[in-house]
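Encoded as structure tokens, the structure appears first; notes follow it.
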Amino acid sequence: MATQPTAETTNPCPVVESIEQIGSPWRLVILHDLQEGEKRFNELKRSTDANSRTLSRVLDDLQETDLVDRRLEEDAPVATYYSLTAKGRSLCPVFDEIESWADDWLGEMPAETATGD
């Protein structure tokens, strides 16, 4: 006899849902980079080392999830700018906490850990 899914099994944990929206390495890099403010496509490409295809795909994904806003400047020269939305900016404290955690726990590795002993 098959069991019916419960609300608990059909609704993923909020942490899992959040990671699905922001958790890819490129998404995290771009979101973190945009904390500094609005940037043009090529600025993001240089600062993240992403190739054009990857950057374009990830920016599209981030726009779909309402984390990043795209603004087209049509005056010469034409330029496309990207910035964090309010939803994206709300992640800034999360990045601050992750950086703090990394400072505390991912600093210099003890010699025995670094050498595999």
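The values are calculated or read from the model by the stated rules, or taken from the named source; none is laboratory data. Please read these numbers as outputs of a predicted model, since none were measured by experiment. Reconstructed Cβ throughout: ideal geometry from the backbone, glycine too, with neighbour counts over all protein chains shown.
When only residues in segment 29-46 that are of a type outside the set (D, E, K, R) and surrounded by 15 or more Cβ atoms within 10 Å (Cβ to Cβ) count, which is nearest to ARG71 (Cα to Cα)?
So, considering only residues that are of a type outside the set (D, E, K, R) and surrounded by 15 or more Cβ atoms within 10 Å (Cβ to Cβ), the one nearest to ARG71 (Cα to Cα) is PHE41.
Hey, among the residues in segment 65-81 that are within 13 Å of the chain's Cα centre (by Cα) and not β-branched (Val, Ile, Thr), which one's surrounded by the most Cβ atoms within 10 Å (Cβ to Cβ)?
Among those that are within 13 Å of the chain's Cα centre (by Cα) and not β-branched (Val, Ile, Thr), it is LEU67.
Look at segment 11-54 and say how many of its residues are closer than 16 Å to LEU91 by Cα and either among the polar types (S, T, N, Q) or touching a residue at least 60 places away in the same chain (Cβ under 8 Å) (or both).
Qualifying residue count, segment 11-54: 7.
Consider TYR82 against the criteria (1) outside any helix (DSSP H, G or I); (2) more than 19 Å from PHE95 (Cα to Cα); (3) modelled with pLDDT of 95 or more; (4) not polar (S, T, N, Q): it satisfies all of them except one. Which criterion is unmet?
Only one criterion in (1) outside any helix (DSSP H, G or I); (2) more than 19 Å from PHE95 (Cα to Cα); (3) modelled with pLDDT of 95 or more; (4) not polar (S, T, N, Q) is unmet by TYR82, namely (2).
How about segment 50-73: which of its residues are acidic (Asp, Glu) and in a loop (DSSP other than H, G, I, E, B)?
Matches in segment 50-73: ASP66 only.
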